[in-house]
1. Got at least one residue in the range 279-286 being touching a residue at least 60 places away in the same chain (Cβ under 8 Å) and out of contact with any Cys (no Cβ under 9 Å at 6 or more places or on another chain)?
2. Please find, within the range 96-114, the residue that is modelled with the lowest pLDDT out of those that are assigned to a loop (DSSP other than H, G, I, E, B) and surrounded by fewer than 20 Cβ atoms within 10 Å (Cβ to Cβ).
3. Of all residues in the range 415-438 being in a helix (DSSP H, G or I) and among the polar types (S, T, N, Q), which is nearest to Ile475 (Cα to Cα)?
4. Out of the range 458-481, which residues are surrounded by fewer than 16 Cβ atoms within 10 Å (Cβ to Cβ) and part of a helix (DSSP H, G or I)?
5. Is it true that some residue in the range 59-66 is more than 22 Å from Ala194 (Cα to Cα), in a strand (DSSP E or B) and free of Cβ contacts under 8 Å to residues at least 60 places away in the same chain?
6. Under the condition of being in a strand (DSSP E or B) and of a type outside the set (Ser, Thr, Tyr), which residue from the range 157-206 is nearest to Gly246 (Cα to Cα)?
7. State the number of residues belonging to the range 40-58 that are crowded, with 18+ Cβ neighbours inside 10 Å and either over 29 Å from Pro131 (Cβ atoms) or within 28 Å of the chain's Cα centre (by Cα) (or both).
8. What single numbered condition from (1) in a loop (DSSP other than H, G, I, E, B); (2) under 30 Å from Leu184 (Cβ atoms); (3) of a type in the set (A, V, I, L, M, F, W, C) fails to hold for Phe274?
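The values are calculated or read from the model by the stated rules, or taken from the named source; none is laboratory data. Small disclaimer: the values here were computed from a predicted structure and weren't measured. No Cβ is skipped: glycine too gets one built from the backbone with ideal geometry, and neighbour counts run over all protein chains shown.
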Amino acid sequence: MSKEILINVEPQEKRVAIVENAQLEEFYLERPQDRTIVGNIYKGKVEAVVSSIGAAFVDIGLPKKGFLYLSEISETFEPVEEHKVIKNIEVKTGQEVLVQVVKESFGTKGPRLSTHIGLPGRYLVLMPQDPHLGISRRIENEAERKRLRQILEELKLPKDVGFILRTAAEGRSKRELWRDARFLMKLWARVKKANQRITTPYLVYEEYDLVLRAIRDYFTEDVSKLIIDSKDEFRRIRRFMNMFLGYLVKRVELYKGYDLFKDRDIERQINKIFENKVYLKSKVYLVIEQTEGLVVIDVNSGGFKKSKNPEEMAFKVNSEAAIEIARQLRLRNLGGIIVIDFIDMEREGHRQGVFDILNKELSKDKAKYDVLGISKFGVVEMTRERIHRTTTMLSYQECPYCKGKGRVKSPLTISIYAFKELRRFLSEHPGRQSLSIILNPSVYQEVLKEKLTLTAIERRFKAKINLISESALHIEDIKIS
């Protein structure tokens, strides 16, 4: 299996595509004005404590106040000269806190905060407020887990902080893990030092940008190449990798062509992310509809060749759809509550088979998720963590014509409304002998079909009506003059 990371850098944005066998599997986008703040650590000040919802609003220097659940607070920083850490105290207005952003602002909500700081490295995550050692659940091999646990004990890491081994730590040597741990301990020392001397609100630590995050989190042994189309970023990547990933530096290539994503057929695949219908090879298609807190995915057999056995057909269709659904969740970064409506299957074994396929494909996802079982109607309910804004949110705005409805009125509906507007206008301007009405061409054609109605209005108000077709006019707009 060929796996590559392709990075496109423009002055206005950076894009990362993770590709397996020429198929786009994951896609990330970042623009300077929309750069993610997830992972950033701030020294903030409590603006208000709302006991009824069990939360505090924290000023971290951004337009929207951060949202911090009181139940998550393990340590706070009192606004005193020494900035001494005091554990398990009541949160008060004006109190200083060291917080990390764990979720982007969404809609009217401010960023979600936590006092449980986590500093991710290449192989480890340092947890200053949670002094224990852990291993990623995605490392399933028991022998490997035992080896890694032994290495952690041999490293003699500080007892006052915790470490969690990331999935990328699988197969890594003691030296590599120690180097990562040492880097994180130095980083945490700098964060603590900055927190002691800086006044609130202030950004104490800024997470890596998209390019370096992609290298840290996705550039693993199974990636054959990382190709980037910017000389400056190419040099920056090599400097970064020489510090942490020297053994993979030779796999980084500078693209010298004109358009990396177009040459690799990635641009076309990216454009499909924004469509609400996804067609599969067997002519099955998915319909994906997203609201603010809910995503509905419907599996439709479409042009799939009918078989004599509807049950077998449904199983094949759903099996293919389950694989694609997991991929689409990653590609579109869909989150919140997700409801999947598979085609009905009578056999319990078939339903369980589809559910197992879905679970297997979801295991590739780095986001946290929780899946309930499949019902007898073929419905699966699940939740998926949404940390960053979706690609659609970053790339699209609400339609200025339909105002987010996703539909506009039909030409017939507007033509009926146009006749009403003519009557209203003429009744408000008695004695008017002529007027013009400007319409979209499709509405114009509908009005022409009702010539008798137009003539009746002219006779009633004794006025000449001039119809004008204007292609630039929006279908729902009517101009009378």
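1. First, pick out the residues of the range 279-286 that are touching a residue at least 60 places away in the same chain (Cβ under 8 Å): none.
There is no residue in the range 279-286 that is touching a residue at least 60 places away in the same chain (Cβ under 8 Å) and out of contact with any Cys (no Cβ under 9 Å at 6 or more places or on another chain).
2. Looking only at the range 96-114, we keep the residues that are assigned to a loop (DSSP other than H, G, I, E, B), and these are 104-105, 107-108, 110-111.
Of the ones still in play, those that are also surrounded by fewer than 20 Cβ atoms within 10 Å (Cβ to Cβ) are 104-105, 107-108.
Details: Glu104: 83, Ser105: 82, Gly107: 71, Thr108: 75.
It comes out as Gly107.
3. Ser415
4. Scanning the range 458-481 gives Glu458, Arg459, Arg460.
5. No: the range 59-66 contains no residue that is more than 22 Å from Ala194 (Cα to Cα), in a strand (DSSP E or B) and free of Cβ contacts under 8 Å to residues at least 60 places away in the same chain.
6. Leu165
7. Here the count works out to 9.
8. Result: Phe274 passes all but (2).
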